[in-house]
1. Out of the residues in the stretch 45-84 that are within 16 Å of ligand 2 (Cβ to nearest atom) and free of Cβ contacts under 8 Å to residues at least 60 places away in the same chain, which is surrounded by the most Cβ atoms within 10 Å (Cβ to Cβ)?
2. Give the residues of the stretch 131-151 that are surrounded by fewer than 16 Cβ atoms within 10 Å (Cβ to Cβ) and touching a strand residue (DSSP E or B) at 6+ places or on another chain (Cβ under 6 Å), sorted by residue number.
3. Any idea which of 284, 277, 254, 213 is in the same structural domain as residue 9 (by TED's automatic domain parsing) and surrounded by 20 or more Cβ atoms within 10 Å (Cβ to Cβ)?
4. When the residues of the stretch 140-190 are filtered to those that are among the acidic types (Asp, Glu) and not in a loop (DSSP other than H, G, I, E, B), which remaining residue is farthest from residue 41 (Cα to Cα)?
5. Output the residues belonging to the stretch 289-315 that are at pLDDT below 90 and under 20 Å from residue 259 (Cα atoms).
6. Would you mind stating whether residue 328 is modelled with pLDDT of 90 or more, over 28 Å from the mean Cα position of the chain (by Cα) and of a type outside the set (Gly, Ala, Ser)?
7. Mind listing whichever residues of the stretch 195-215 are closer than 24 Å to residue 356 by Cβ and in contact with a Lys or Arg (Cβ under 6 Å, 6 or more places away or on another chain)?
8. For residue 134, are the conditions met, namely being on the phi < 0 side of the Ramachandran plot, more than 13 Å from the chain's Cα centre (by Cα) and touching a residue at least 24 places away in the same chain (Cβ under 8 Å)?
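The values are calculated or read from the model by the stated rules, or taken from the named source; none is laboratory data. Only a predicted model underlies this, so the values are computations on that prediction, with no experimental measurement involved. Ideal geometry is used to build each Cβ from the backbone, glycine not excepted, and the neighbour counts take in all protein chains shown.
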Amino acid sequence: MSALAVEGLGKAFAGEHAVEDVSLTLERGEFFSLIGPSGCGKTTTLRMLAGLLDPDSGTIRIDGTDVTDRPARNRATNMVFQDLVLFPHMTVAENVAYGLARSGVPKPERQTRVAEALDLVDLGGFGERDPADLSGGQRQRVALARALVNDPEVLLLDEPLASLDRALRGEMQREFRRIQRDSETTFLYVTHDQESAMSMSDRVAVMRAGGIVDRGPPRRLYSRPRTRFVAEFLGDATVLDGEVVGRNGETAVVETQAGRVSATSETANDHSDSVAVAIRPEAVTLGDGDLTGEVVDAAYKGFYEEATVDCGGARLTVRRERSAGGSTVQEASTDGGDPSRDRRFRVGKSVSLRVDRAVLVEDGDG
Ligand SMILES: Nc1ncnc2c1ncn2[C@@H]1O[C@H](COP(=O)(O)OP(=O)(O)OP(=O)(O)O)[C@@H](O)[C@H]1O
Ligand SMILES: [Mg+2]
(Lines give C-alpha, C1' and ligand atoms only; values in the text may rest on other atoms or scores of the structure.)
(Ligands and ions follow the chains in the order given, each with its own letter.)
Protein backbone atom coordinates (compact mmCIF):
# COMPACT_ATOMS: atom_id res chain seq x y z
CA MET A 1 0.00 0.00 0.00
CA SER A 2 1.28 3.47 -0.80
CA ALA A 3 2.31 5.83 1.98
CA LEU A 4 0.50 8.71 0.35
CA ALA A 5 -2.13 8.70 -2.38
CA VAL A 6 -3.54 11.99 -3.60
CA GLU A 7 -6.25 12.26 -6.23
CA GLY A 8 -7.61 15.28 -8.03
CA LEU A 9 -6.40 17.79 -5.44
CA GLY A 10 -7.43 21.37 -6.17
CA LYS A 11 -7.43 24.77 -4.50
CA ALA A 12 -8.36 28.23 -5.74
CA PHE A 13 -7.81 31.57 -4.04
CA ALA A 14 -10.31 34.27 -5.02
CA GLY A 15 -11.29 32.32 -8.13
CA GLU A 16 -7.67 31.78 -9.26
CA HIS A 17 -6.47 28.17 -9.36
CA ALA A 18 -3.33 27.73 -7.26
CA VAL A 19 -3.45 23.92 -7.50
CA GLU A 20 -5.49 22.05 -10.08
CA ASP A 21 -6.15 18.33 -10.38
CA VAL A 22 -2.95 17.11 -8.72
CA SER A 23 -2.64 13.35 -8.30
CA LEU A 24 0.35 11.74 -6.64
CA THR A 25 1.31 8.38 -5.23
CA LEU A 26 4.30 7.92 -2.94
CA GLU A 27 5.60 4.48 -2.10
CA ARG A 28 6.63 3.74 1.46
CA GLY A 29 10.21 4.80 2.14
CA GLU A 30 10.43 6.83 -1.04
CA PHE A 31 12.24 10.16 -1.35
CA PHE A 32 9.97 12.10 -3.69
CA SER A 33 10.56 15.70 -4.76
CA LEU A 34 8.08 18.19 -6.10
CA ILE A 35 9.78 20.91 -8.09
CA GLY A 36 8.65 23.87 -10.12
CA PRO A 37 9.05 27.61 -10.49
CA SER A 38 8.00 30.14 -7.88
CA GLY A 39 4.23 30.42 -7.51
CA CYS A 40 3.39 27.10 -9.22
CA GLY A 41 1.56 25.76 -6.15
CA LYS A 42 4.11 23.66 -4.29
CA THR A 43 3.58 25.11 -0.82
CA THR A 44 -0.20 25.16 -1.31
CA THR A 45 -0.06 21.44 -2.16
CA LEU A 46 2.04 20.62 0.93
CA ARG A 47 -0.23 22.65 3.21
CA MET A 48 -3.25 20.68 2.02
CA LEU A 49 -1.41 17.40 2.57
CA ALA A 50 -0.44 18.51 6.08
CA GLY A 51 -4.01 19.48 6.93
CA LEU A 52 -3.16 23.18 7.27
CA LEU A 53 -5.38 24.19 4.35
CA ASP A 54 -8.72 22.75 3.18
CA PRO A 55 -8.75 21.58 -0.44
CA ASP A 56 -11.64 22.57 -2.72
CA SER A 57 -11.54 19.16 -4.35
CA GLY A 58 -9.75 15.84 -4.19
CA THR A 59 -8.89 13.16 -1.68
CA ILE A 60 -5.81 12.48 0.42
CA ARG A 61 -5.02 9.01 1.72
CA ILE A 62 -2.21 8.18 4.09
CA ASP A 63 -1.42 4.51 4.41
CA GLY A 64 -4.77 3.73 2.80
CA THR A 65 -6.83 5.84 5.21
CA ASP A 66 -8.77 8.81 3.88
CA VAL A 67 -7.58 11.81 5.91
CA THR A 68 -8.98 14.55 3.68
CA ASP A 69 -11.24 15.88 6.43
CA ARG A 70 -8.90 15.31 9.33
CA PRO A 71 -7.16 18.22 11.04
CA ALA A 72 -3.35 18.39 11.00
CA ARG A 73 -2.95 16.93 14.50
CA ASN A 74 -4.79 13.75 13.47
CA ARG A 75 -2.67 13.03 10.43
CA ALA A 76 0.50 10.98 10.33
CA THR A 77 2.33 13.83 8.65
CA ASN A 78 4.75 16.47 9.85
CA MET A 79 5.96 19.50 8.00
CA VAL A 80 9.37 21.21 7.99
CA PHE A 81 9.09 24.80 6.87
CA GLN A 82 11.48 26.93 4.89
CA ASP A 83 11.79 29.54 7.62
CA LEU A 84 12.17 26.95 10.34
CA VAL A 85 11.47 28.23 13.78
CA LEU A 86 13.09 26.72 16.84
CA PHE A 87 11.83 27.89 20.21
CA PRO A 88 14.62 30.18 21.42
CA HIS A 89 13.81 29.84 25.12
CA MET A 90 14.10 26.04 25.03
CA THR A 91 17.13 23.78 24.79
CA VAL A 92 17.72 21.64 21.71
CA ALA A 93 16.29 18.60 23.54
CA GLU A 94 13.20 20.52 24.66
CA ASN A 95 12.64 21.69 21.09
CA VAL A 96 12.77 18.12 19.82
CA ALA A 97 10.56 16.86 22.68
CA TYR A 98 7.91 19.54 22.20
CA GLY A 99 5.47 17.53 20.07
CA LEU A 100 5.86 14.42 22.22
CA ALA A 101 5.15 16.40 25.38
CA ARG A 102 2.03 17.88 23.81
CA SER A 103 0.71 14.48 22.87
CA GLY A 104 1.26 13.23 26.41
CA VAL A 105 4.19 10.86 25.94
CA PRO A 106 5.61 10.19 29.44
CA LYS A 107 8.96 11.75 30.28
CA PRO A 108 11.23 8.67 30.36
CA GLU A 109 10.03 7.57 26.90
CA ARG A 110 10.34 11.16 25.69
CA GLN A 111 13.98 11.28 26.75
CA THR A 112 14.80 8.04 24.98
CA ARG A 113 13.12 9.11 21.77
CA VAL A 114 14.69 12.57 21.79
CA ALA A 115 18.14 11.01 22.27
CA GLU A 116 17.47 8.63 19.36
CA ALA A 117 16.27 11.46 17.11
CA LEU A 118 19.33 13.58 17.94
CA ASP A 119 21.61 10.61 17.22
CA LEU A 120 19.84 10.10 13.90
CA VAL A 121 20.67 13.66 12.79
CA ASP A 122 24.20 13.36 14.16
CA LEU A 123 23.64 15.74 17.06
CA GLY A 124 24.04 13.28 19.92
CA GLY A 125 25.23 15.24 22.97
CA PHE A 126 23.79 18.54 21.75
CA GLY A 127 20.58 18.22 23.81
CA GLU A 128 21.43 20.82 26.41
CA ARG A 129 22.63 23.41 23.91
CA ASP A 130 20.81 26.66 23.28
CA PRO A 131 19.49 26.88 19.66
CA ALA A 132 21.13 30.32 19.34
CA ASP A 133 24.55 28.69 19.72
CA LEU A 134 24.11 26.36 16.73
CA SER A 135 25.24 26.79 13.14
CA GLY A 136 22.68 27.06 10.34
CA GLY A 137 23.21 23.42 9.35
CA GLN A 138 22.87 22.26 12.95
CA ARG A 139 19.60 24.17 13.33
CA GLN A 140 18.32 22.36 10.21
CA ARG A 141 19.22 19.07 11.84
CA VAL A 142 17.30 20.00 15.00
CA ALA A 143 14.26 20.91 12.92
CA LEU A 144 14.51 17.55 11.18
CA ALA A 145 14.87 15.69 14.49
CA ARG A 146 11.83 17.52 15.83
CA ALA A 147 9.79 16.50 12.78
CA LEU A 148 10.94 12.87 12.89
CA VAL A 149 10.70 12.22 16.62
CA ASN A 150 7.05 11.17 16.53
CA ASP A 151 7.66 8.87 13.59
CA PRO A 152 5.40 10.37 10.90
CA GLU A 153 4.25 8.25 7.97
CA VAL A 154 5.10 11.06 5.57
CA LEU A 155 7.42 13.99 6.21
CA LEU A 156 6.60 17.09 4.18
CA LEU A 157 9.57 19.40 3.64
CA ASP A 158 9.13 22.86 2.15
CA GLU A 159 12.45 24.20 0.81
CA PRO A 160 14.25 23.52 4.09
CA LEU A 161 17.72 24.24 2.67
CA ALA A 162 16.95 27.38 0.70
CA SER A 163 18.64 29.73 3.16
CA LEU A 164 21.94 27.82 3.33
CA ASP A 165 24.99 28.61 1.21
CA ARG A 166 25.93 26.30 -1.64
CA ALA A 167 28.57 24.21 0.16
CA LEU A 168 26.44 23.64 3.24
CA ARG A 169 23.41 22.89 1.10
CA GLY A 170 25.33 20.14 -0.67
CA GLU A 171 26.40 18.62 2.64
CA MET A 172 22.88 18.84 4.07
CA GLN A 173 21.40 17.23 0.95
CA ARG A 174 23.55 14.16 1.51
CA GLU A 175 22.58 14.21 5.18
CA PHE A 176 18.85 14.48 4.40
CA ARG A 177 19.16 11.50 2.10
CA ARG A 178 21.02 9.47 4.73
CA ILE A 179 18.56 10.41 7.48
CA GLN A 180 15.63 9.57 5.21
CA ARG A 181 17.11 6.11 4.57
CA ASP A 182 18.05 5.49 8.20
CA SER A 183 14.64 6.56 9.49
CA GLU A 184 12.82 4.69 6.69
CA THR A 185 10.41 7.60 6.47
CA THR A 186 8.66 8.68 3.28
CA PHE A 187 9.83 12.18 2.32
CA LEU A 188 7.95 14.61 0.11
CA TYR A 189 10.46 17.36 -0.56
CA VAL A 190 9.53 20.65 -2.18
CA THR A 191 12.07 22.88 -3.87
CA HIS A 192 12.65 25.00 -6.93
CA ASP A 193 16.29 23.89 -6.97
CA GLN A 194 16.36 21.16 -9.61
CA GLU A 195 19.90 20.07 -8.73
CA SER A 196 18.98 19.30 -5.11
CA ALA A 197 15.91 17.42 -6.21
CA MET A 198 17.75 15.31 -8.75
CA SER A 199 20.60 14.39 -6.43
CA MET A 200 18.40 13.35 -3.49
CA SER A 201 15.28 11.79 -4.95
CA ASP A 202 14.02 8.42 -6.05
CA ARG A 203 11.42 10.23 -8.12
CA VAL A 204 10.68 13.80 -9.06
CA ALA A 205 7.47 15.49 -10.19
CA VAL A 206 7.65 18.76 -12.10
CA MET A 207 4.88 21.25 -11.42
CA ARG A 208 3.81 24.17 -13.54
CA ALA A 209 0.94 26.61 -12.99
CA GLY A 210 -0.82 24.41 -10.44
CA GLY A 211 -0.49 21.06 -12.22
CA ILE A 212 2.05 18.25 -12.51
CA VAL A 213 3.45 18.14 -16.05
CA ASP A 214 5.84 15.19 -15.77
CA ARG A 215 7.19 12.79 -13.18
CA GLY A 216 9.68 9.98 -12.97
CA PRO A 217 13.17 9.00 -11.83
CA PRO A 218 15.61 11.94 -12.13
CA ARG A 219 17.63 10.28 -14.90
CA ARG A 220 14.58 9.72 -17.04
CA LEU A 221 13.32 13.28 -16.58
CA TYR A 222 16.72 14.75 -17.35
CA SER A 223 17.70 12.60 -20.30
CA ARG A 224 14.27 12.06 -21.84
CA PRO A 225 12.07 15.04 -20.94
CA ARG A 226 8.67 14.98 -22.61
CA THR A 227 8.14 18.72 -22.82
CA ARG A 228 10.18 21.77 -23.62
CA PHE A 229 9.34 23.18 -20.19
CA VAL A 230 10.76 20.16 -18.35
CA ALA A 231 13.85 20.06 -20.60
CA GLU A 232 14.59 23.70 -19.84
CA PHE A 233 13.64 23.60 -16.16
CA LEU A 234 15.86 20.59 -15.38
CA GLY A 235 19.23 21.95 -16.38
CA ASP A 236 20.44 23.59 -19.56
CA ALA A 237 19.01 22.66 -22.91
CA THR A 238 18.88 24.14 -26.36
CA VAL A 239 15.45 23.62 -27.88
CA LEU A 240 15.16 23.91 -31.66
CA ASP A 241 12.01 23.85 -33.75
CA GLY A 242 12.09 21.57 -36.76
CA GLU A 243 10.38 19.36 -39.29
CA VAL A 244 10.58 15.58 -39.34
CA VAL A 245 12.12 14.56 -42.66
CA GLY A 246 12.66 10.88 -41.97
CA ARG A 247 12.11 8.14 -39.41
CA ASN A 248 13.98 5.07 -38.38
CA GLY A 249 12.26 3.15 -35.59
CA GLU A 250 12.34 5.29 -32.44
CA THR A 251 14.56 7.87 -34.09
CA ALA A 252 13.38 10.82 -36.12
CA VAL A 253 15.58 12.82 -38.44
CA VAL A 254 14.67 16.45 -37.89
CA GLU A 255 15.59 19.37 -40.08
CA THR A 256 16.27 22.34 -37.77
CA GLN A 257 17.60 25.80 -38.30
CA ALA A 258 21.00 24.52 -37.20
CA GLY A 259 20.94 21.53 -39.55
CA ARG A 260 19.85 17.89 -39.42
CA VAL A 261 19.62 16.23 -36.04
CA SER A 262 18.63 12.68 -35.09
CA ALA A 263 16.30 12.67 -32.11
CA THR A 264 14.71 9.95 -30.03
CA SER A 265 11.04 10.29 -29.39
CA GLU A 266 9.01 10.00 -26.17
CA THR A 267 6.22 12.40 -26.83
CA ALA A 268 2.63 12.03 -27.86
CA ASN A 269 2.98 14.49 -30.74
CA ASP A 270 5.75 12.53 -32.43
CA HIS A 271 3.53 11.84 -35.41
CA SER A 272 3.17 15.44 -36.31
CA ASP A 273 5.85 16.76 -38.61
CA SER A 274 6.43 20.07 -36.82
CA VAL A 275 8.36 19.24 -33.68
CA ALA A 276 10.79 20.63 -31.14
CA VAL A 277 14.12 19.01 -30.30
CA ALA A 278 15.92 19.37 -26.96
CA ILE A 279 19.71 19.07 -26.84
CA ARG A 280 21.80 19.02 -23.65
CA PRO A 281 25.19 20.79 -23.78
CA GLU A 282 27.06 17.62 -22.81
CA ALA A 283 25.45 15.77 -25.71
CA VAL A 284 27.24 17.92 -28.26
CA THR A 285 30.77 17.01 -29.35
CA LEU A 286 33.09 19.41 -31.06
CA GLY A 287 34.60 18.44 -34.39
CA ASP A 288 33.77 15.68 -36.81
CA GLY A 289 30.06 16.43 -37.15
CA ASP A 290 27.32 17.38 -39.56
CA LEU A 291 26.64 20.81 -38.14
CA THR A 292 28.87 23.79 -38.64
CA GLY A 293 28.93 27.05 -36.77
CA GLU A 294 30.96 29.79 -35.21
CA VAL A 295 31.92 30.17 -31.56
CA VAL A 296 30.26 33.38 -30.37
CA ASP A 297 30.95 33.09 -26.66
CA ALA A 298 33.32 31.03 -24.54
CA ALA A 299 33.66 30.76 -20.79
CA TYR A 300 36.00 28.97 -18.43
CA LYS A 301 33.94 27.26 -15.70
CA GLY A 302 36.56 25.44 -13.68
CA PHE A 303 36.39 21.77 -14.47
CA TYR A 304 34.72 22.38 -17.80
CA GLU A 305 34.58 24.98 -20.54
CA GLU A 306 31.44 26.17 -22.18
CA ALA A 307 30.91 27.74 -25.56
CA THR A 308 27.94 29.12 -27.41
CA VAL A 309 28.04 28.19 -31.06
CA ASP A 310 25.92 29.93 -33.68
CA CYS A 311 24.71 27.40 -36.23
CA GLY A 312 22.70 29.10 -38.94
CA GLY A 313 21.19 31.50 -36.43
CA ALA A 314 20.37 28.85 -33.80
CA ARG A 315 22.57 28.93 -30.71
CA LEU A 316 23.85 25.70 -29.22
CA THR A 317 25.61 25.42 -25.90
CA VAL A 318 28.60 23.08 -25.91
CA ARG A 319 30.48 21.87 -22.87
CA ARG A 320 33.83 20.26 -22.64
CA GLU A 321 35.41 18.81 -19.54
CA ARG A 322 38.96 19.71 -18.74
CA SER A 323 40.72 16.49 -17.90
CA ALA A 324 42.36 16.39 -14.49
CA GLY A 325 45.94 17.58 -14.66
CA GLY A 326 45.80 17.72 -18.43
CA SER A 327 44.90 21.34 -18.75
CA THR A 328 48.38 22.68 -18.16
CA VAL A 329 49.79 20.41 -20.84
CA GLN A 330 47.13 21.56 -23.25
CA GLU A 331 47.62 25.18 -22.44
CA ALA A 332 51.39 24.88 -22.73
CA SER A 333 50.90 23.17 -26.07
CA THR A 334 49.00 26.15 -27.41
CA ASP A 335 52.26 28.07 -27.13
CA GLY A 336 54.14 25.15 -28.56
CA GLY A 337 52.66 25.78 -31.97
CA ASP A 338 50.67 22.59 -32.54
CA PRO A 339 47.19 23.98 -33.29
CA SER A 340 45.57 20.55 -33.36
CA ARG A 341 46.24 20.25 -29.65
CA ASP A 342 44.60 23.55 -28.79
CA ARG A 343 41.46 22.38 -27.06
CA ARG A 344 40.25 25.75 -25.90
CA PHE A 345 37.18 27.39 -27.36
CA ARG A 346 38.03 30.57 -29.21
CA VAL A 347 35.47 33.20 -30.09
CA GLY A 348 35.22 33.67 -33.84
CA LYS A 349 36.51 30.19 -34.64
CA SER A 350 34.54 28.04 -37.11
CA VAL A 351 33.77 24.63 -35.69
CA SER A 352 31.90 21.53 -36.65
CA LEU A 353 29.57 19.89 -34.17
CA ARG A 354 28.11 16.48 -33.67
CA VAL A 355 24.86 16.08 -31.71
CA ASP A 356 25.16 12.74 -29.92
CA ARG A 357 21.75 12.77 -28.23
CA ALA A 358 18.60 14.77 -28.85
CA VAL A 359 15.01 14.25 -27.75
CA LEU A 360 11.74 15.25 -29.36
CA VAL A 361 9.72 17.33 -26.91
CA GLU A 362 6.26 18.81 -26.82
CA ASP A 363 6.32 22.50 -27.24
CA GLY A 364 2.92 23.51 -25.82
CA ASP A 365 2.01 24.71 -22.34
CA GLY A 366 2.50 21.27 -20.86
N1 LIG B 1 -3.42 32.29 1.26
C2 LIG B 1 -3.37 32.67 -0.03
N3 LIG B 1 -4.24 33.59 -0.52
C4 LIG B 1 -4.23 33.95 -1.81
N5 LIG B 1 -3.37 33.45 -2.73
C6 LIG B 1 -2.49 32.54 -2.31
C7 LIG B 1 -2.43 32.10 -0.95
N8 LIG B 1 -1.45 31.18 -0.83
C9 LIG B 1 -0.91 31.05 -2.07
N10 LIG B 1 -1.53 31.86 -2.95
C11 LIG B 1 -1.24 31.97 -4.40
O12 LIG B 1 -1.23 30.65 -4.94
C13 LIG B 1 -0.19 30.48 -5.88
C14 LIG B 1 0.71 29.33 -5.48
O15 LIG B 1 1.44 29.69 -4.31
P16 LIG B 1 2.44 28.73 -3.58
O17 LIG B 1 2.87 29.39 -2.31
O18 LIG B 1 1.81 27.39 -3.45
O19 LIG B 1 3.64 28.69 -4.61
P20 LIG B 1 5.05 27.94 -4.50
O21 LIG B 1 5.12 27.00 -5.64
O22 LIG B 1 5.22 27.39 -3.15
O23 LIG B 1 6.08 29.13 -4.78
P24 LIG B 1 7.54 29.43 -4.12
O25 LIG B 1 8.51 28.57 -4.87
O26 LIG B 1 7.75 30.89 -4.43
O27 LIG B 1 7.47 29.13 -2.66
C28 LIG B 1 0.52 31.83 -5.96
O29 LIG B 1 -0.01 32.53 -7.05
C30 LIG B 1 0.15 32.49 -4.65
O31 LIG B 1 0.16 33.89 -4.78
MG1 LIG C 1 6.54 27.85 -1.56
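1. Selected residue: 48.
2. Result: no residue meets the conditions.
3. On inspection, the qualifying residue turns out to be 213.
4. Once the filter is applied, the top-ranked residue is 182.
5. 289, 290 - these are the residues of the stretch 289-315 that are at pLDDT below 90 and under 20 Å from residue 259 (Cα atoms).
6. No.
7. Passing the criteria: only 214.
8. Working: on the phi < 0 side of the Ramachandran plot: yes; more than 13 Å from the chain's Cα centre (by Cα): yes; touching a residue at least 24 places away in the same chain (Cβ under 8 Å): yes.
Yes; evaluated as a whole, the condition is true for this residue.
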